[in-house]
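Visitor: Okay, here's the structure, questions in a sec.
The values are calculated or read from the model by the stated rules, or taken from the named source; none is laboratory data. Predicted, not measured: the structure shown is a model, and the values here were computed from it. When we count neighbours, we look across all protein chains shown, and the Cβ atoms used for this are built from the backbone with ideal geometry, even at glycine.
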Amino acid sequence: MESIFKKYMKGDPVIWAVFIILCGLSIVEMYSASSTLAYKAASYTDPVMKHAMFLGLGILIVFMIQFLKLFQIRILAYVGILISIVLLILVMFKGHSENDATRWISIAGIQFQPSEIAKLSLIILVADFLSRIKNNKTDESLYFRLTIIFTGIVCLLILFENFSTAFLLFMVVFVLMFVGNISLKKLGLIIAALLVVGLLSYGLIKLFPEKTKTPENTSASAEKSKPKLFHRVYTWVGRFEDHFGKDSTETSKYEITDDNLQVQHGKIAIAKGGLLGVFPGNSVERDFLPQAYSDFIYAIIIEETGMAGGIFVILLYLILLFRAGTLATKSPTVFPAIMVIGLSLMLVTQSFMNMAVATSLIPVTGQPLPLISRGGTSIIVTCIYFGLILAITRQLKEDSNKSSAEEKDMVVVDLEELK
């Protein structure tokens with residue numbers, strides 16, 4: 001068994017273990033949380049079988065990607081960023097809408113989110129830029145500009161339909177710039193600029209409501225909506241204000257309305273979980289909680305496995321981040337170190353954002369729980385993340401073994417010379 005692992009499963013065994021456990025947990029919880037989908041399907045096993053099929057394909061992708069070389073990853077990232085920018089522009093005009101957001105595009109019958117490809121490609125691209133900084137003054141200015149240009153283009157294209165993804169991606173890139181020793185002055189200017197833009201944007205949104213009435217006719221039929229390109233802006237502001245500016249009366253705390261349906265049923269699911277939960281398959285809230293199988297699957301996990309299960313899931317993602325950071329410190333070169341930090345940080349930050357939504361700590365964002373939530377694009381891309389992390393750890397392990405072998409050879413030569 002050990003020889004099989006060494007032959008076919010390259011990379012760090014701890015990260016492999018986290019990946020396999022998440023896959024197993026994903027199938028169990030999807031089988032339970034997809035009850036509303038099972039009612040509509042021809043067979044009650046159809047949703048979980050489709051989910052398992054994507055996981056199987058993802059595992060195959062991980063096996064293939066773990067053998068990639070660093071120069072191949074670099075090339076794929078540059079190709080991916082160009083393709084994703086084109087697709088992000090195309091999705092604005094030819095995209096498919098779901099839950100009032102146009103994020104999907106269909107090519108040859110395959111529907112996916114271009115933003116997922118853009119996230120992955122940009123992280124690798126930024127890692128490459130930062131690794132090329134040799135001279136702190138000249139090179140830093142050049143690659144800092146390139147990083148800002150590509151990050152700005154990608155985040156802006158994603159922003160119109162998916163604020164949380166654009167925000168998450170920018171924050172990861174910002175952390176990578178900090179890790180990559182970009183000067184604090186430049187990073188401070190970025191924060192200041194974003195604060196100014198954010199305040200001005202919020203002021204404009206409040207100045208121009210989502211719907212305005214013409215002076216000639218103030219009836220509801222005469223209301224004029226703002227351009228479709230900006231319709232999601234009002235959704236973000238509304239969710240933010242509803243979450244942080246709620247009426248604190250007892251009625252508002254427990255009343256379930258169309259606006260707070262997800263949040264309230266998520267709280268009920270978590271409250272039912274207690275310490276050890278009601279056991280997998282016995283969830284009640286899965287039948288009442290919209291998106292129980294995607295955005296709010298963490299609430300179902302807590303309901304069925306309790307606080308113990310919820311903490312266990314958190315620990316899995318933390319182990320991934322800690323292990324990736326530990327391996328990054330051992331890297332002899334900058335590119336793989338920054339890339340493995342960026343990839344793991346994206347997965348872990350996204351998972352914590354999903355958990356924060358499910359536990360009502362932040363407004364609803366629509367971020368899936370990596371490798372556990374339902375979604376073909378999300379599962380495949382998350383598996384690519386794991387495959388790349390494992391490819392980096394495999395490369396680091398091979399380089400370390402090669403260095404050890406060279407050191408032994410040098411010692412043998414020195415001993416022979418002494419003789």
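Visitor: Looking at region 156-208, which of the residues that are surrounded by fewer than 21 Cβ atoms within 10 Å (Cβ to Cβ) and among the charged types (D, E, K, R) is nearest to A337 (Cα to Cα)?
Guide: K186
Visitor: Give me the pairs: first residue in region 148-162 and at pLDDT 85 or above, second residue polar (S, T, N, Q), beta-carbon distance under 7 Å, and six or more apart or on different chains, which are they?
Guide: Sorted first by the residue in region 148-162, then by its partner, the pairs are I158/S115; I158/T165.
Visitor: Quick one: which residue in T365, T377, T382 is in a helix (DSSP H, G or I), modelled with pLDDT under 85 and assigned by TED's automatic domain parsing to the domain that holds R323? Lay out the reasoning, then the answer.
Guide: Numbers: T365 fails: in a helix (DSSP H, G or I); T382 fails: modelled with pLDDT under 85.
Of the residues listed, the single one that is in a helix (DSSP H, G or I), modelled with pLDDT under 85 and assigned by TED's automatic domain parsing to the domain that holds R323 is T377.
Visitor: Take the residues in region 62-77 that are assigned to a helix (DSSP H, G or I) and in contact with a Gly (Cβ under 6 Å, 6 or more places away or on another chain); name whichever of them is nearest to V381 (Cα to Cα).
Guide: Here is the first cut: in region 62-77, the residues assigned to a helix (DSSP H, G or I) are 62-65, 70-77.
If we keep only those that are in contact with a Gly (Cβ under 6 Å, 6 or more places away or on another chain) as well, we get 62, 65.
Details: V62: 10, I65: 12 Å.
That would be V62.
Visitor: Right, another one. Answer yes or no as to whether T326 is in a helix (DSSP H, G or I) and either in contact with a Leu (Cβ under 7 Å, 6 or more places away or on another chain) or buried (at least 18 other Cβ atoms within 10 Å of the Cβ) (or both).
Guide: Values: in a helix (DSSP H, G or I): yes; either in contact with a Leu (Cβ under 7 Å, 6 or more places away or on another chain) or buried (at least 18 other Cβ atoms within 10 Å of the Cβ) (or both): no.
No.
Visitor: Additional query: Condition first: buried (at least 21 other Cβ atoms within 10 Å of the Cβ), in contact with a Ser or Thr (Cβ under 7 Å, 6 or more places away or on another chain), at pLDDT 85 or above and farther than 21 Å from F386 by Cα. Can you find one or more residues in region 106-129 that meet it?
Guide: Taking every residue of region 106-129 in turn, at least one turns out to be buried (at least 21 other Cβ atoms within 10 Å of the Cβ), in contact with a Ser or Thr (Cβ under 7 Å, 6 or more places away or on another chain), at pLDDT 85 or above and farther than 21 Å from F386 by Cα.
Visitor: Is it fair to say I270 is under 24 Å from the mean Cα position of the chain (by Cα), among the β-branched types (V, I, T) and at pLDDT 90 or above? Show your work before the answer.
Guide: Details: under 24 Å from the mean Cα position of the chain (by Cα): yes; among the β-branched types (V, I, T): yes; at pLDDT 90 or above: no.
Answer is no for this residue.
Visitor: Taking V48 as the residue in question, decide whether it is among the β-branched types (V, I, T), buried (at least 20 other Cβ atoms within 10 Å of the Cβ) and under 21 Å from the mean Cα position of the chain (by Cα). It would help to see each step written out before you state the result.
Guide: Numbers: among the β-branched types (V, I, T): yes; buried (at least 20 other Cβ atoms within 10 Å of the Cβ): yes; under 21 Å from the mean Cα position of the chain (by Cα): no.
Answer is no for this residue.
Visitor: Can you work out which of the residues in region 266-317 that are part of a loop (DSSP other than H, G, I, E, B) and of a type in the set (F, W, Y) is nearest to T359 (Cα to Cα)?
Guide: Only one residue fits best here, namely F296.
Visitor: Pick from region 282-309 the residues that are of a type in the set (S, T, N, Q) and under 20 Å from the mean Cα position of the chain (by Cα): which of them is modelled with the lowest pLDDT?
Guide: The first filter runs over region 282-309 and keeps only residues of a type in the set (S, T, N, Q), leaving 282-283, 291, 294, 305.
Subset that is under 20 Å from the mean Cα position of the chain (by Cα): 291, 294.
Numbers: Q291: 77, S294: 82.
Taking the candidates together, the pick is Q291.
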